[in-house]
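The structure appears right after this line, and notes come after that.
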Ligand code: EPU
């Protein structure tokens, strides 16, 4: 296992390129199960999670080549309908093979993912959605076995206690594209990753309207074809993380290959804090004064403030000039990073779903433990802003979602390196 060592407090400069979106890549890779024709997809980040999805697709009978961020996925000799426990339990995103397997093969046996460190994370909305399309379900030995001779279009409501669900929308949309008749998904997730998936499905021949909004209308077709040269959108969470890095270290970093239109809420909040983010000719610049103001935020589904930037934003607020409250409405328990940040001198108190942050003058390096992907990113930001040496143990979490993180940071002049534990 590797740890990441950071010598903090050094000014950063230079440019950083944002990779393709992890959370768009995973369902788009699953969507290739809907066709036997070849699919060529560009701008796929090389991450532990995309490599896990490749393993899963191979176990389901696909032949996959992955070079220079381009995936070529073709049909192998025999398709399987069973998604193994080991591949689904290591990455919940694997669960989005359920919809396409069911639509293409008429059956799918997919391990139930279980909880994870950011919360219980049920899959009831996924199951409700595909049941509405006519699938029958059986749960046995930790697997969900879904069957349907023919899926039929239906009116499906996918809102849950915590709002819409990104991957449930992906699963139901992918099942509905080959169903007979019209499906309407209400309270669909509006995330750009869902829009990206729908755009790819449309290129494959699917009939989808309304993607990017809360009401998606799908008219089933008999078959889907392959795609040549689909390009994944930039990773908005990676881009947001680098914007917050520039802000918290007050560094003139130039960020490229990002789509700021997916980060409007972050820019709005940062502006209130006195931090300006501008874009010219595809180059994003972040300007931070000596101090920045505390601004409270609440996470919501898109276009609200993303839960996937909550931890990194906490790092910023821990150095703000006053008190702010960060409320988590998507994953109420996603606060494990607070204790680690406090070990670095932050002053954050959790009260239920609120993190109450009293800004401090400086953070100090410390050995800390990464608990999940975004919590780890927050600790990297804290480590780079802090005085002294930080060691982030269990750095494999970062490799799940940030492509070449240590190299990208080193390219900005940061003193960061991996060491074996
Ligand atoms: N939920 C239910 N029932 C369901 C599904 C979800 O109650 O059947 C609840 C969840 O427990 C949560 C809320 O609904 O409280 C939203 O969860 P959602 O289903 O939208 O999450 P997801 O689709 O499993 C994706 C991302 C996550 C990101 C969330 C929210 C992927 C592979 N994962 O997960 O990304 O936090 O949407 O935006 O797309 C990450 O990248 O670090 C990450 C965790």
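The values are calculated or read from the model by the stated rules, or taken from the named source; none is laboratory data. Just so it is clear, the structure is predicted and the values come from calculations on it, not from any experiment. In this analysis, Cβ positions are derived from the backbone assuming ideal geometry, glycine residues included, and neighbour counts consider all displayed protein chains.
Summary of values
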{"item": "Number of the condition not met by residue 96 [criteria: (1) more than 9 Å from the ligand (Cβ to nearest atom); (2) under 25 Å from residue 229 (Cα atoms)]", "result": "(1)"}
{"item": "Qualifying residue in region 88-98 (condition: in the same structural domain as residue 193 (by TED's automatic domain parsing) and on the phi > 0 side of the Ramachandran plot)", "result": "no"}
{"item": "Long-range neighbours under 9 Å by Cβ, at least six apart or interchain, first residue in a helix (DSSP H, G or I) within region 105-124, second within 8 Å of the ligand (Cβ to nearest atom)", "result": "124/160; 124/168"}
{"item": "Flag for residue 410 being at pLDDT 95 or above and either part of a loop (DSSP other than H, G, I, E, B) or surrounded by 22 or more Cβ atoms within 10 Å (Cβ to Cβ) (or both)", "result": "no"}
{"item": "Residue list for region 129-148, restricted to those being surrounded by fewer than 19 Cβ atoms within 10 Å (Cβ to Cβ) and out of contact with any helix residue (DSSP H, G or I) (no Cβ under 7 Å at 6 or more places or on another chain)", "result": "131, 134, 136, 138, 139, 140, 141, 143, 145, 147"}
{"item": "Index of the failed condition, residue 114 passing every other in (1) under 19 Å from residue 59 (Cβ atoms); (2) exposed (fewer than 15 other Cβ atoms within 10 Å of the Cβ); (3) more than 15 Å from the ligand (Cβ to nearest atom)", "result": "(3)"}
{"item": "Scan of region 126-147 for residues that are in contact (Cβ under 8 Å) with a residue 24 or more places away in the chain, out of contact with any strand residue (DSSP E or B) (no Cβ under 7 Å at 6 or more places or on another chain) and not in a strand (DSSP E or B), ordered by number", "result": "126, 128"}
{"item": "Residues (loosely packed, with under 15 Cβ neighbours inside 10 Å and part of a loop (DSSP other than H, G, I, E, B)) located in region 257-280", "result": "none"}
{"item": "Close pairs from region 320-337: first within 18 Å of residue 160 (Cα to Cα) and more than 9 Å from the ligand (Cβ to nearest atom), partner modelled with pLDDT of 95 or more and not in a loop (DSSP other than H, G, I, E, B), Cβ under 9 Å, at least 6 apart", "result": "328/298; 328/299; 328/307; 328/310; 328/354; 328/355"}
{"item": "Some residue of region 340-360 being assigned to a loop (DSSP other than H, G, I, E, B) and in contact (Cβ under 8 Å) with a residue 60 or more places away in the chain", "result": "yes"}
{"item": "Yes/no for residue 78 being farther than 21 Å from residue 24 by Cα, surrounded by 19 or more Cβ atoms within 10 Å (Cβ to Cβ) and not assigned by TED's automatic domain parsing to the domain that holds residue 257", "result": "no"}
{"item": "Options 286, 295, 248: the member that is assigned to a helix (DSSP H, G or I) and either touching a strand residue (DSSP E or B) at 6+ places or on another chain (Cβ under 9 Å) or outside the structural domain of residue 360 (by TED's automatic domain parsing) (or both)", "result": "248"}
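Here's the yes/no breakdown for (1) in contact with a strand residue (DSSP E or B) (Cβ under 9 Å, 6 or more places away or on another chain); (2) more than 17 Å from residue 94 (Cβ to Cβ); (3) without any contact (Cβ under 8 Å) to a residue 60 or more places away in the chain:
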| position | (1), (2), (3) |
| --- | --- |
| 18 | yes, yes, no |
| 27 | no, no, no |
| 30 | no, no, no |
| 46 | yes, yes, no |
| 62 | yes, no, yes |
| 70 | yes, yes, yes |
| 75 | yes, yes, yes |
